[in-house]
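What follows is a single structure, written as structure tokens, with notes after it.
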Amino acid sequence: ETSFDNFHSKKDQIYRVVTEYHRPEGISRGSGVPFPVAESLRRDFMLKEVASIYRNQDGFYSIESGTNGEPVPKYKEEYAYYVEPQFFDIFDFGWLAGDKKTALSEPNSVVLTADEADKFFGSWQNAIGKIIKYEDQYPLRVTGVLRNTPPNTDIPIQLMISFKTLKAKSGTFYENMEDWVSINNNNDCFLVLPAAIKEKQFNTLLESFVKKHKPSEYAKDGLSLQPLSDMHYNTEIGVFGGHSFSKPLIRVISLIGLFLLIIACVNFINLSTAQAINRCKEVGVRKVLGSNRMQLVIQFLTETFIITFFAVLIAVCLALLVVRPLNVLLETRLPLNFITETGVIRFLCMVVLAVTFLSGLYPAVILSGFNPISALKNKIRLGRQNGISLRRALVVLQFCIAQALVIGTLVMISQINYFQNKPLGFDKDAVITVPFPRDSISMTKLNSLRDQFLSLPGVRELSLSFGSPTDNNGWGSDFKYNNSSTQTDFNAQLKWADPEYFKLYQLQFVAGSPYKASDTITGYVVNEALLGKLGVHDPKDAIGKYLQLWDDPAKHAPIVGVVKDFNTRSLKRDIPPVIMASWKNMYVKFNIKLQMSTVPQTLTSVEKLWNRTFPAGLYEFQFLDKKIAEFYKNDSRLSQLYKIFAGIAIFISCLGLYGLVSFMSIQRKKEVGIRKTLGASVGNIVYLFSREFTLLILISFVIAAPLGYYFMHRWLEDFSYRITIGPGIFLLAFSASLLIAWLTVGYKSIRAALANPVNSLRSE
């Protein structure tokens with residue numbers, strides 16, 4: 001996570017230009033910039049190394065059909081981009097074939113990675129000069145082949161089309177390439193900042209740059225630089241790879257790893273000092289025979305070193321076994337040979353030395369300090385019999401860490417469950433979204449296909465729209481309200497859908513009704529959040545008031561309805577203002593509500609109808625509830641990871657507890673025999689062994705509970721919708737820890753209590 005994009009030679013000078021949105025609630029930043037930014041930066045600042053890169057997630061790619069008429073494979077590429085040729089002057093992605101200076105200088109040219117070229121043409125050596133078709137319409141000539149990108153990059157590339165190809169499409173479904181107002185979050189701009197110019201200085205220059213090019217009413221949304229070194233850790237702005245990983249999270253996971261190591265060291269210290277009595281005669285003999293204290297310290301440290309060294313060897317083997325499951329859990333690509341890297345080997349050597357001294361030094365000093373006469377007479381007494389001893393303090397420490405991890409894990413699980421179960425304000429069950437081609441011929445088939453879908457027995461409702469209620473398309477705009485002469489100082493999220501959309505998703509109206517069916521905008525439906533921003537308290541007062549988008553007379557229409565707020569994005573964020581209207585030219589997918597009892601059969605029928613209608617297209621669908629689950633995928637992964645951490649912490653703590661109780665049962669064997677002879681019951685003996693550890697676990701909980709509450713409350717503050725940390729979580733954490741500890745202690749205690757007292761009393 002700390003090595004992303006470190007392999008670029010100009011990494012310290014590479015910056016991404018991002019947009020700063022100035023709103024009444026504060027400043028936020030987004031990765032997208034207006035399309036003309038890159039060209040204007042090159043022209044105004046005489047910068048050569050500036051490039052736009054536009055992510056293209058729509059459509060599919062295929063090769064020309066063979067002579068035998070066999071079906072041609074079609075591929076949906078997750079990491080396809082339109083790229084300016086200067087991009088390869090900025091970033092060091094290796095080339096296998098082609099010239100990076102000219103490969104993407106002309107329209108309709110494409111560069112592939114080796115794996116992509118192998119997929120299309122069998123071997124990347126055969127790719128140069130071949131043709132790939134985009135959406136079975138636009139031929140793209142292969143002009144270069146790149147090495148496969150490493151896993152530690154936030155710009156994972158598979159297929160890169162020349163930016164001039166995108167410009168040639170301007171005026172169709174794509175934005176006006178000269179528009180300084182509209183911002184597409186898929187359009188990023190990178191540059192190499194000359195060494196003579198500092199980041200802060202250039203940010204100041206960007207202020208005047210924005211004022212020069214943007215209309216005055218939009219100049220409040222400025223531009224600033226984001227260092228390449230910040231991209232991977234900035235979860236607010238995001239990256240193309242979708243794998244941001246905050247530095248605080250890296251620190252938390254590192255600390256948890258350190259804490260687990262500390263728990264293990266605590267166990268070693270406890271068990272070593274507990275067993276010191278067994279070695280006191282050995283120490284006495286060695287001292288009588290001439291060993292000095294330093295020699296004994298070295299001996300005991302050497303023993304610790306040997307144990308630690310072999311523990312690390314076993315750990316390396318275990319780590320290699322869990323790399324694949326870990327990659328699946330976290331969706332990473334950690335290589336199996338990571339152990340051989342110099343940094344990892346150096347780290348493991350440091351761990352061996354650090355653990356040896358941290359866990360071995362104290363027992364070595366204690367053992368080597370025994371008086372030889374007392375040691376030989378077996379009269380050594382360790383620690384205080386009553387009150388606080390180091391061993392008790394260490395038990396408290398390790399259970400404090402373990403219980404804090406358990407509390408944190410329980411809070412995370414509760415929050416994830418809350419995300420998954422909270423009503424979103426619309427019906428998401430058994431709904432699929434199915435994109436369709438947008439060429440002019442395909443658009444004429446929509447009404448017929450719609451009727452055929454509705455005739456299927458398993459289809460309950462159907463709607464055409466730009467996206468589902470939770471599609472995070474980022475299409476927002478300010479607007480004019482009630483014939484105002486000025487735009488609002490906030491953006492509303494725009495959602496284009498036909499009137500059936502409201503019935504399918506069961507959106508609830510608090511005033512008015514849906515707009516009429518129309519190919520163009522004749523009326524708007526808004527949500528309560530938008531009225532709140534406008535200061536309208538009664539939804540009925542908004543009905544009949546006019547909205548206008550982009551000063552376009554065709555987008556001037558009355559508000560005909562107000563719906564209850566529904567979550568249009570992750571529950572981590574507030575519900576934004578929403579404007580909805582019917583605009584056929586913007587529809588890109590079907591929304592289909594299925595009968596729950598016949599979902600598999602209906603999906604098959606839908607696919608057959610779609611393929612029959614669009615034989616040249618690529619059919620795909622997505623269940624809406626799965627899409628919503630994607631919002632919380634990272635949190636769910638971390639929750640799984642913390643479960644593992646907490647389990648390991650409890651397991652290690654109980655191992656230490658088991659060792660201590662085992663040793664106590666041997667040391668107090670005669671005491672137990674005498675107590676049983678005098679009439680003590682099994683319960684009395686178990687209580688004798690359990691009471692001290694129960695008290696220590698209670699003390700550790702008293703320390704862990706406020707710490708766990710503080711840090712998890714801080715974590716929850718990042719979410720707009722969150723649980724309240726109640727006493728139940730703490731009671732569950734304490735009860736679980738106590739129960740596991742009792743089971744650990746109880747087994748050994750019962751064995752000691754059931755032992756025949758005669759066996760322990762008849763011999764010295």
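The values are calculated or read from the model by the stated rules, or taken from the named source; none is laboratory data. Just so you know, these numbers come straight off a predicted model, no measurement behind them. No Cβ is skipped: glycine too gets one built from the backbone with ideal geometry, and neighbour counts run over all protein chains shown. Calculation scope for accessible area: heavy atoms of the full protein, side chains included, ligands and nucleic acids excluded. Shrake-Rupley method; radii C 1.70, N 1.55, O 1.52, S 1.80 Å.
Any residue at all in the range 290-303 that is within 30 Å of ARG637 (Cα to Cα), modelled with pLDDT of 85 or more and either open to solvent by less than 80 Å² (accessible area, probe 1.4 Å) or touching a His at 6+ places or on another chain (Cβ under 9 Å) (or both)?
Among the residues of the range 290-303, not one is within 30 Å of ARG637 (Cα to Cα), modelled with pLDDT of 85 or more and either open to solvent by less than 80 Å² (accessible area, probe 1.4 Å) or touching a His at 6+ places or on another chain (Cβ under 9 Å) (or both), which makes the answer no.
Is there a residue being among the acidic types (Asp, Glu), touching a residue at least 60 places away in the same chain (Cβ under 8 Å) and closer than 30 Å to MET412 by Cα anywhere in the range 628-651? Write out each step before concluding.
We begin by selecting, within the range 628-651, every residue among the acidic types (Asp, Glu); these are 630, 635.
Right, trim to touching a residue at least 60 places away in the same chain (Cβ under 8 Å) and you get 635.
Checking the rest, the ones that are also closer than 30 Å to MET412 by Cα come to 635.
There is at least one residue in the range 628-651 that is among the acidic types (Asp, Glu), touching a residue at least 60 places away in the same chain (Cβ under 8 Å) and closer than 30 Å to MET412 by Cα.
Any idea which of ALA581, ALA646 is surrounded by 15 or more Cβ atoms within 10 Å (Cβ to Cβ) and over 30 Å from LEU534 (Cα atoms)?
ALA646
How do the strands (runs of 3 or more DSSP E) wholly within the range 19-102 filter down when requiring 1 or more residues that are touching a Leu at 6+ places or on another chain (Cβ under 8 Å): which remain?
Hits in the range 19-102: 50-55, 61-63, 80-83, 95-97.
Is one or more of the residues making up the range 393-415 touching a Lys or Arg at 6+ places or on another chain (Cβ under 9 Å), modelled with pLDDT of 90 or more and not in a helix (DSSP H, G or I)?
No - not one qualifying residue is present in the range 393-415.
All but one of (1) within 18 Å of TYR134 (Cβ to Cβ); (2) in a loop (DSSP other than H, G, I, E, B); (3) at pLDDT below 85 hold for ILE157; which doesn't?
(3)
Would you point out the residue of the range 469-526, among those that are modelled with pLDDT of 90 or more and acidic (Asp, Glu), that is least open to solvent (accessible area, probe 1.4 Å)?
ASP498
Which ones in the range 548-562 are touching a Pro at 6+ places or on another chain (Cβ under 8 Å) and either surrounded by fewer than 15 Cβ atoms within 10 Å (Cβ to Cβ) or not β-branched (Val, Ile, Thr) (or both)?
GLY561, the sole residue that qualifies.
Determine which single condition PRO151 fails, assuming it passes every other condition in (1) more than 17 Å from TYR82 (Cα to Cα); (2) in contact with a helix residue (DSSP H, G or I) (Cβ under 9 Å, 6 or more places away or on another chain).
Against the list (1) more than 17 Å from TYR82 (Cα to Cα); (2) in contact with a helix residue (DSSP H, G or I) (Cβ under 9 Å, 6 or more places away or on another chain), PRO151 comes up short only on (2).
Which pairs have Cβ atoms under 7 Å, sit 6 or more apart or on different chains, and link a residue in the range 608-622 that is in contact (Cβ under 8 Å) with a residue 24 or more places away in the chain to one that is among the hydroxyl-bearing types (Ser, Thr, Tyr) and assigned to a helix (DSSP H, G or I)?
PHE614/SER442
What number of residues within the range 308-345 satisfy the criterion of being among the aliphatic types (A, V, I, L, M), outside any loop (DSSP other than H, G, I, E, B), within 24 Å of the chain's Cα centre (by Cα) and under 20 Å from GLN640 (Cβ atoms)?
8
May I ask you to list the residues in the range 424-477 that are within 25 Å of TRP550 (Cβ to Cβ) and acidic (Asp, Glu)?
ASP471
Which one of these does ALA704 not meet: (1) buried (at least 17 other Cβ atoms within 10 Å of the Cβ); (2) modelled with pLDDT under 80?
Checking ALA704 against (1) buried (at least 17 other Cβ atoms within 10 Å of the Cβ); (2) modelled with pLDDT under 80, the one that fails is (2).
Can you report the number of residues in the range 530-587 which are in a loop (DSSP other than H, G, I, E, B), of a type in the set (Phe, Trp, Tyr) and more than 19 Å from PHE466 (Cβ to Cβ)?
Matching residues across the range 530-587 total 0.
Do you know which residues across the range 11-43 are open to solvent by 50 Å² or more (accessible area, probe 1.4 Å) and in contact with a helix residue (DSSP H, G or I) (Cβ under 7 Å, 6 or more places away or on another chain)?
LYS11
Could you tell me which residue of the range 93-138 is nearest to GLY59 (Cα to Cα), considering only residues that are among the charged types (D, E, K, R) and in contact (Cβ under 8 Å) with a residue 60 or more places away in the chain? I'd like the intermediate steps shown before the answer.
Filtering the range 93-138 for residues among the charged types (D, E, K, R) gives 99-101, 106, 115-116, 118-119, 130, 133, 135-136.
Next, only the ones that are in contact (Cβ under 8 Å) with a residue 60 or more places away in the chain stay: 130, 133, 135-136.
Values: LYS130: 20, LYS133: 10, GLU135: 6, ASP136: 9 Å.
It comes out as GLU135.
Every residue, every condition in (1) surrounded by fewer than 12 Cβ atoms within 10 Å (Cβ to Cβ); (2) at pLDDT 85 or above, yes or no:
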position: ALA311; (1), (2): no, yes
position: PRO325; (1), (2): yes, yes
position: THR332; (1), (2): no, no
position: ALA354; (1), (2): no, yes
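Can you find a residue in the range 533-543 that is in contact (Cβ under 8 Å) with a residue 40 or more places away in the chain and open to solvent by less than 50 Å² (accessible area, probe 1.4 Å)?
Looking through the range 533-543, at least one residue is in contact (Cβ under 8 Å) with a residue 40 or more places away in the chain and open to solvent by less than 50 Å² (accessible area, probe 1.4 Å).
Residues checked against (1) crowded, with 17+ Cβ neighbours inside 10 Å; (2) touching a Leu at 6+ places or on another chain (Cβ under 8 Å); (3) among the β-branched types (Val, Ile, Thr); (4) assigned to a helix (DSSP H, G or I):
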| position | (1), (2), (3), (4) |
| --- | --- |
| LYS211 | no, no, no, yes |
| SER224 | yes, yes, no, no |
| GLY241 | yes, no, no, no |
| SER244 | yes, no, no, no |
| PRO248 | no, no, no, yes |
| LEU258 | no, no, no, yes |
| CYS265 | yes, yes, no, yes |
| ASN270 | yes, yes, no, yes |
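Report whether or not GLN57 is under 20 Å from ASP154 (Cβ atoms) and open to solvent by 50 Å² or more (accessible area, probe 1.4 Å).
Answer is yes for this residue.
Being without any contact (Cβ under 8 Å) to a residue 60 or more places away in the chain and in contact with a Gly (Cβ under 8 Å, 6 or more places away or on another chain) is the filter here; which residues of the range 496-515 pass it?
PHE509, ALA511, GLY512, SER513, PRO514
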